[in-house]
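Novice: Please read through the structure below; I'll follow up with questions.
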Amino acid sequence: MSLTPPDHPTDPVRQLSLFGTEAADPSLADLAGLLAGPAEVVRMGGTARLSIAVDAGWRVHVLVAELALRGLAATWETVGEETGERRHLVRTSYASTLAPLAVAWLRAGAMRPPANFHLNGRRLRIWLAAAGRADPPGFLLRLGAADEAGRGRVRAALAAVGLPGELLDAGAGGPAYRITGRRRLARLAELVGDGPRPRRRPTGRPFPRRASPTRGSWCPAEGADRRDPPTRSP
C-alpha cells in the first residue's frame with residue numbers, strides 16, 4: 001500500500017493563502033522546513049543526504065511519503081534503545097538533487113539557515129510532520145539541538161509569515177518555538193492545511209485544526225502518541 005497520504009478535498013470556505021500549502025507543487029526546496037527543525041544534511045562529493053530522528057511511527061510514514069513526492073528514496077531504523085531515548089531515524093539516499101540544499105545550509109562544517117531563508121505553507125507543513133506537537137493552549141515547532149546560531153533567522157522567517165514565536169530552551173521543553181494566540185494558531189492552520197492521513201493514525205491531532213464553523217474559532221492540536229513505524233523499512 002502506498003504511504004502517500006490521500007488527497008484532501010478543498011475547503012470552499014477557506015481562502016487560498018499566498019504562502020499556504022496549496023500555493024505551489026511539492027519541491028526539494030520544501031525540505032528547508034526540515035532543516036529549520038531538527039533535521040541534518042551532510043555532503044559527499046557532489047551529493048548530499050538528509051536525515052532526521054522522529055519520535056513516532058506515524059511521522060516515519062508521512063516523511064517517507066513526502067520525500068518520495070520529491071523524488072527521494074528513504075529508509076528508517078530505530079535508534080537510542082540502549083539509552084532509553086528511542087527514536088526512528090529517517091534518512092534519504094545520497095542524491096545530487098540535494099547538493100544545492102546542502103551548499104546553502106553548510107558553512108565551515110556548521111549548519112545554519114542561508115541569508116535568504118524563508119518559510120511558507122509547504123515548508124511549515126513538513127516541519128510540523130517531523131517535529132510539531134500541541135502544547136495547549138499553543139503549538140510547538142521543535143528545533144535541533146545544535147543549531148543555536150541560526151535560530152534568529154528561523155524566528156524572523158516565522159514572524160514574516162505571521163507566526164512570531166517564543167523560543168523555549170531545553171529546560172522549558174525545547175529547544176522549540178512556541179506559537180500561541182488564537183490568531184496565530186489560525187494563521188498556522190491556514191498555512192499548513194489539513195493534517196496528513198498516515199496508515200497508522202496518532203491518537204490525537206498533531207496538526208492545528210479548525211473548529212466547527214458554527215463556533216467561529218480555531219483549536220490547537222491535541223497530543224500525538226508514539227506508535228511504532230511499520231515492521232520493515234519503507
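Novice: Out of all the residues in the range 144-157, which are crowded, with 16+ Cβ neighbours inside 10 Å and acidic (Asp, Glu)?
Specialist: ASP147
Novice: Just give me the residues in the range 110-164 being among the basic types (Lys, Arg) and within 13 Å of the chain's Cα centre (by Cα), in sequence order.
Specialist: The answer is ARG122, ARG123, ARG125, ARG133, ARG142.
Novice: Counting only residues that are surrounded by fewer than 16 Cβ atoms within 10 Å (Cβ to Cβ), of a type in the set (A, V, I, L, M) and in a loop (DSSP other than H, G, I, E, B), how many does the range 162-185 have?
Specialist: Residues meeting the conditions: 0.
Novice: On to the next question. Are any residues in the range 84-102 surrounded by 13 or more Cβ atoms within 10 Å (Cβ to Cβ) and out of contact with any strand residue (DSSP E or B) (no Cβ under 8 Å at 6 or more places or on another chain), and if so, which ones?
Specialist: Initially, the range 84-102 is screened for residues surrounded by 13 or more Cβ atoms within 10 Å (Cβ to Cβ), giving 86-95, 97-99, 101-102.
Correct list: THR97 only.
Novice: Sticking with this one: For THR92, only one of the following conditions fails: (1) of a type in the set (S, T, N, Q); (2) modelled with pLDDT of 95 or more; (3) farther than 26 Å from GLY195 by Cβ. What is its number?
Specialist: Of (1) of a type in the set (S, T, N, Q); (2) modelled with pLDDT of 95 or more; (3) farther than 26 Å from GLY195 by Cβ, only one is false for THR92: (3).
Novice: Output the number of residues of the range 138-171 satisfying the condition of being closer than 11 Å to PHE117 by Cα, free of Cβ contacts under 8 Å to residues at least 24 places away in the same chain and among the charged types (D, E, K, R).
Specialist: Qualifying residue count for the region: 1.
Novice: Kindly indicate which of LEU63, LEU72, LEU141, LEU67 is surrounded by fewer than 23 Cβ atoms within 10 Å (Cβ to Cβ) and among the hydrophobic types (A, V, I, L, M, F, W, C).
Specialist: Residue meeting the stated conditions: LEU72.
Novice: Quick check: is even one residue across the range 3-26 in contact with a helix residue (DSSP H, G or I) (Cβ under 6 Å, 6 or more places away or on another chain) and modelled with pLDDT of 85 or more?
Specialist: yes
Novice: Of the residues in the range 42-86, how many are part of a helix (DSSP H, G or I) and without any contact (Cβ under 8 Å) to a residue 40 or more places away in the chain?
Specialist: Summing the residues that are part of a helix (DSSP H, G or I) and without any contact (Cβ under 8 Å) to a residue 40 or more places away in the chain in the range 42-86 gives 4.
Novice: Here is a follow-up. Which condition number does VAL103 fail, the rest of (1) assigned to a loop (DSSP other than H, G, I, E, B); (2) closer than 15 Å to GLY45 by Cβ; (3) not acidic (Asp, Glu) being met?
Specialist: All conditions are met except number (1).
The values are calculated or read from the model by the stated rules, or taken from the named source; none is laboratory data. If you're wondering where the values come from, they're calculated on a predicted model, not measured in any experiment. Counting neighbours? That spans all protein chains shown, and the Cβs are built from the backbone with ideal geometry, glycine included.
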